[in-house]
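The values are calculated or read from the model by the stated rules, or taken from the named source; none is laboratory data. Quantities reported herein were computed from a predicted structural model and do not represent experimental measurements. No Cβ is skipped: glycine too gets one built from the backbone with ideal geometry, and neighbour counts run over all protein chains shown.
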Amino acid sequence: MRGDLHVDWSIPATSPGWTGHLERFMGPGKTRAESAVEYIGGAICLLLLARYCWPMLSGRGIAEVVVLAVIAADLVGGVLTNATNSAKRWYHRTPSSRGRLAFVAVHTAHLAVVGLALLGDPVWFVGNTLLLLGCALLIESVPVALRRPVAMAAYMTVLLINLIAFPPPALLAWFIPLFYLKLLVCYLIPEAPIATRGHSRPSI
């Protein structure tokens, strides 16, 4: 690449024990700059979400508010974490789709909580589960060079389908955009991890 930038796929060593497990979950080798963007950007977005939702929380139970807060924190954090070089390098270190598809499938639990517990709408749950898994399979099945535009097309498609077929209540208007942004765009799209020369780390 031009200047002092280059692509670096080397995986940094991780710490032993639970700290290492956390590093591997977030992406080994996370830089301070990446962490700063996650913390600051995440805090700003969560504050804005709280400001948006606050007028609509009157009459809601404590359990429901806690569930909404946990889901919002997971989605905002997931969007930012999965967009980092460290996460791209870790989760796309192998061409195998099995691990990535399993990660996406776990998120059907989010759809179950929102669709069944919060909305009480099994059709919404089934529809979005099929959309999520179908789009994930499609993105992983196309050549790597096409995954970005295919993911973008899939993302716009699921947003529009939800607007037409499953319009959400105002309180949950943010869920579908952030949920699919995290998984279809930030997580499943393979992107080259860009590093500054002289700052690469040794492989495991």
message: So for segment 137-146 (the condition being in contact with a helix residue (DSSP H, G or I) (Cβ under 6 Å, 6 or more places away or on another chain), within 18 Å of Ile189 (Cβ to Cβ), without any contact (Cβ under 8 Å) to a residue 40 or more places away in the chain and of a type in the set (A, V, I, L, M, F, W, C)), does at least one residue qualify?
response: yes
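Go through segment 29-67 and report how many residues are more than 18 Å from Leu118 (Cβ to Cβ) and hydrophobic (A, V, I, L, M, F, W, C). Spell out how you get there, then give the answer.
So in segment 29-67, the residues more than 18 Å from Leu118 (Cβ to Cβ) come out as 29-48, 51.
Now drop any that are not hydrophobic (A, V, I, L, M, F, W, C), which leaves 33, 36-37, 40, 43-48.
Total satisfying the criteria: 10.
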Within segment 61-102, the count of residues that are β-branched (Val, Ile, Thr), over 14 Å from Lys30 (Cα atoms) and touching a helix residue (DSSP H, G or I) at 6+ places or on another chain (Cβ under 7 Å) comes to 4
When Asp8 is run through (1) of a type outside the set (Val, Ile, Thr); (2) at pLDDT 95 or above; (3) more than 19 Å from the chain's Cα centre (by Cα), the failure sits at (2)
Taking segment 118-152 and keeping only residues that are over 18 Å from Ser97 (Cβ atoms) and of a type in the set (Asp, Glu), one is left with Asp121
Residue pairs qualifying under the 9 Å Cβ cut-off, at least six apart or on distinct chains, with the first in segment 108-128 being closer than 15 Å to Tyr180 by Cα and the second being modelled with pLDDT under 95 and surrounded by 12 or more Cβ atoms within 10 Å (Cβ to Cβ), are Val114/Pro168; Trp124/Pro168
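Just checking, does segment 111-130 include any residue being of a type in the set (Phe, Trp, Tyr) and closer than 18 Å to Tyr187 by Cβ? Let's see the steps before the verdict.
Filtering segment 111-130 for residues of a type in the set (Phe, Trp, Tyr) gives 124-125.
Filter once more, keeping what is closer than 18 Å to Tyr187 by Cβ: none.
No; the residues of segment 111-130 include none that is of a type in the set (Phe, Trp, Tyr) and closer than 18 Å to Tyr187 by Cβ.
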